[in-house]
Amino acid sequence: MLPMARALLSVFALASVTAADDIMIATFDGAKGTTLTWKEMNDPVMGGKSTGTFTIDSANEVGVFDGKCAIVPSLKAPGFITAGATGSFPDISHCQNLVLNVNSANSYAGFRVSFGSEHYPPFYKHFFARGFKSDFQPPTGKFGDVVLPLNGFTNHWDDATGKAITTCADDPKACPTLKRLQDLETVQIWGEGVEGDVHLQIKSIRASGCTPAAANGGIVRVPVTKTLSLQDIAKGMLQRGFLSSPANATLATVADGDTVPISDYQNAQFYGPIKVGGQDFKVIFDTGSSNVWVPGKACGFFTCWTHPRYDKSKSPTYEKDGRPYKVQYGSGPVEGVFSKDTVTVGSLDVKGQPFAEVSKVSFGPLNIAFAAGKFDGLLGLGFNSISQYQIPTPFEAMIDQKLIDESVFAFYLQDDASKMGELVFGGIDKSHYTGELVDVPLTSETYWEVSLDSMKYGSAVVSSSAKAIIDSGTSLLAGPKEAIDAIATAAGAKLVLGKEYTIDCSKKATLPDLSVTLGGKSFTLSPDDYVLSVSGQCLFAFMPIDVPPPRGPLWIMGDVFMRKYYCVFDYGNKKMRMALVAKRGAAEFVV
C-alpha cells in the first residue's frame with residue numbers, strides 16, 4: 001500500500017547532548033537547533049480509509065499524533081497512518097538504544113517507529129517496506145520512556161502488515177548499518193496493522209547508551225563518502241558525447257597568487273554534510289586547502305542546477321563581508337564573494353565563519369562535470385597561512401571558540417572505497433586503530449607537511465631528503481616524476497595518457513614493499529595497498545607530480561596511505577600521529 005503525503009507541515013527542534021550517555025534527537029520545546037519538517041501520511045490507496053494528523057501543542061511542548069487506523073476493504077486488513085520527519089540528524093552510531101518519551105490516551109497496540117529508507121534485499125520483493133522499524137507500546141495515561149535497542153530494529157518487514165519477517169538477530173543484512181545510524185535520514189511514527197483509534201503524545205526522541213567520549217562533546221563525528229572524481233565524470237560525459245573537448249588533465253589550485261599543487265581535484269574525493277546558515281551542503285573535506293566555499297545564489301543555472309545554493313535571506317545569522325574570492329584552476333577560475341555565517345559541522349556551530357559564495361565555477365570541460373557531481377563545495381582543513389586573506393579555517397575557529405576538547409581531527413577511511421568513512425573532530429577514537437600512535441612532527445604550518453627522510457622500493461632507494469604532505473584530497477601516492485618512473489619501471493607498470501599507471505594483475509604477488517621514513521618513523525605499504533583493482537584492471541597507485549624548490553621536491557601521501565595508516569592531525573602540538581588502521585569488516589553492521 002503506497003503512502004500518500006498530506007499537507008500539514010510541522011517543525012521541531014533538535015538538541016545535542018542531554019545526559020552523560022544520551023543524545024537528544026528531537027524535542028518540541030522550541031529549543032534552538034536544526035529543525036525537521038513533519039508530514040502526515042495516510043493510506044488512501046486501494047480504498048484505504050485510515051486518516052491521521054500530526055500537530056504541535058506548544059503549550060505542553062509535545063507533538064500530537066491523532067487518527068484512526070481502519071480496515072482496507074479490498075485487503076480486509078487494517079491499513080496505516082504515519083507521521084514522518086526529515087532533516088538533519090545527529091550521529092547515533094555509538095549508541096545502543098532509541099528512547100521515546102511518549103503517552104497514549106488508550107491501549108492501541110499498533111504503534112511502530114522507523115528510520116531510514118533501506119530495503120531488505122532483494123529490494124523488488126519489499127519495495128514499499130522501507131526503513132529500519134520496531135514495534136513499541138507506550139504507557140497509557142502518563143508519560144514514560146520506551147527503550148528500544150537499536151539491534152532490535154529490522155528492515156525486513158511485510159509490505160501489507162508491517163510485521164517483521166526477519167530480525168537483526170536472525171540475519172545481519174536486516175540490521176541497522178553504521179552509515180544509517182550516522183545519519184538517520186528520516187524518523188517515522190506509525191499506527192499500523194491494528195484497527196483502532198490513535199492518540200499519542202510525543203515529548204522527546206533520544207538515543208541512549210552512547211559511548212562517553214562521543215556523548216560528552218569530546219568527539220564529534222562526520223560521515224564521509226567517496227565520490228567519483230570530476231575527471232572521471234568528465235571522461236564519462238566525453239564518451240557519451242556531452243562534452244566536445246578533452247578533460248583538462250592538470251588541475252592545480254592557486255591561493256594569493258602562489259601555485260599550490262595540493263588539492264588534486266581529478267582524484268576521487270571524500271565529501272560529507274555541513275550546514276551554512278542552517279542550509280544543507282555536501283562538501284569535500286580537504287587537508288590540502290584552507291578556505292570554505294559553497295554555491296551562492298548568483299551561481300548560474302548551467303553550473304549549479306543540481307546543487308543547493310546559499311541564500312542569505314534565509315539565514316538570520318548572515319553577516320556581510322564583501323571581499324572577493326578567486327582561486328585559479330588549470331582551466332579557469334572559481335570566483336565569488338566572501339560572507340559570514342554559522343557553519344555547522346557535525347553537532348558544532350562555528351559562528352561568524354567567513355566563507356565564499358561562489359558564483360562562477362570554471363573548470364573548462366569540468367564545469368559540466370561539477371554540475372553533475374555529488375558534492376557542492378569545499379571545506380579546507382589546512383592552515384590559515386594558505387587561505388585567502390589568511391582567514392582561519394572552521395577547525396581553527398572550533399578551537400578559538402572552545403567547541404572541542406582537543407585540537408585534533410582524524411580521518412577513518414575503510415579499505416572498501418564504497419563504504420562510509422568518518423571524520424572525527426575534538427578527540428581520538430581508539431577503535432579506529434591498532435597498536436600505538438607514533439608522532440611525526442610537522443615541518444611547516446601551511447599544509448600538513450612532514451619530512452620524508454627516505455623511500456625504498458624493495459631494496460632500491462628512490463627518494464631521500466624530501467617533503468611529504470598528508471592529504472585527504474588526493475587518492476594516490478604522488479611524487480617527483482623521476483622517482484615515480486623508477487618505481488614504475490621496477491614494477492613493470494605502464495603509463496597511460498601521461499597520467500596514470502596500470503599493471504598486469506598477475507604481477508602483484510611478486511612485487512616488493514614500499515618503505516617510507518617520515519620524520520624518523522618507518523611505514524610500509526605492501527602490493528595489496530598500492531595495487532588497486534578497478535573495473536577488472538589493476539591500477540598502480542602512483543602519480544607523477546613535479547613541484548620545484550623551495551616547495552619541492554614533494555610527495556603527497558593520499559588515500560592509499562591513509563587507508564593503511566590512521567592519521568591524526570594534531571593542530572595543538574603541530575604534529576601528525578599515525579597507527580595502523582583497525583579493520584571494520586563485519587562491524588559495518590551494528591548488531
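Descriptive notes on the structure:
- Each label was represented as a point 7 Å from its Cα along the Cα-to-Cβ direction; for Lys314 and Lys142 these points are 4.5 nm apart.
- Placing a pseudo-label 7 Å from each Cα along the Cα-to-Cβ vector at Asn573 and Thr166 gives an inter-label distance of 4.6 nm.
- Computed with a 1.4 Å probe over protein heavy atoms only, the accessible surface of the stretch 71-116 comes to 29 Å² per residue.
- Area accessible to solvent at Leu539, 1.4 Å probe radius, in Å²: 30 Å²
- Residues of the stretch 134-198: accessible area per residue with a 1.4 Å probe, Å²: 42 Å²
- Solvent exposure of the stretch 387-533 as accessible area per residue, Å², 1.4 Å probe: 42 Å²
- Inter-label distance, nm, simple model (7 Å from Cα along the C-beta direction), Thr489/Ser58: 7.6 nm
- Phi to ³J(HN,Hα) by Karplus 6.51 cos²θ - 1.76 cosθ + 1.60 over the stretch 286-293, Hz, x for Gly, Pro: 10, 6, x, 8, 9, 9, 10, 9
- Chain lengthening between Ser464 and Ala105 when straightened (0.36 nm per residue, less Cα-Cα): 121.8 nm
- Candidate aspartates and glutamates - alpha carbon under 17 Å from Lys68, same-chain residues fewer than 8 apart omitted: Glu40, Asp43, Glu192, Glu195, Asp197
- Of all aspartates and glutamates in the structure, the ones whose alpha carbon falls short of 18 Å from that of Lys320, not counting any fewer than 8 places away in one chain, are Asp311, Glu335, Asp341, Glu357.
- Placing Lys508, Lys456 in order of accessible area, with the largest value first and a 1.4 Å probe, yields Lys456, Lys508.
- Fraction of accessible area attributable to carbon and sulfur, the stretch 410-481 (%, probe 1.4 Å): 50 percent
- The stretch 57-111 - percent of accessible surface contributed by carbon and sulfur, probe 1.4 Å: 50 percent
- Annotation for the stretch 447-526 versus the stretch 91-108: alpha-carbon center distance of 51 Å.
The values are calculated or read from the model by the stated rules, or taken from the named source; none is laboratory data. On a predicted model such as this, the values are computed, not experimentally measured, just so you know. Reconstructed Cβ throughout: ideal geometry from the backbone, glycine too, with neighbour counts over all protein chains shown. For the accessible areas, the whole protein counts, side chains as well, though only heavy atoms, and no ligand, DNA or RNA atoms are used. Shrake-Rupley method; radii C 1.70, N 1.55, O 1.52, S 1.80 Å.
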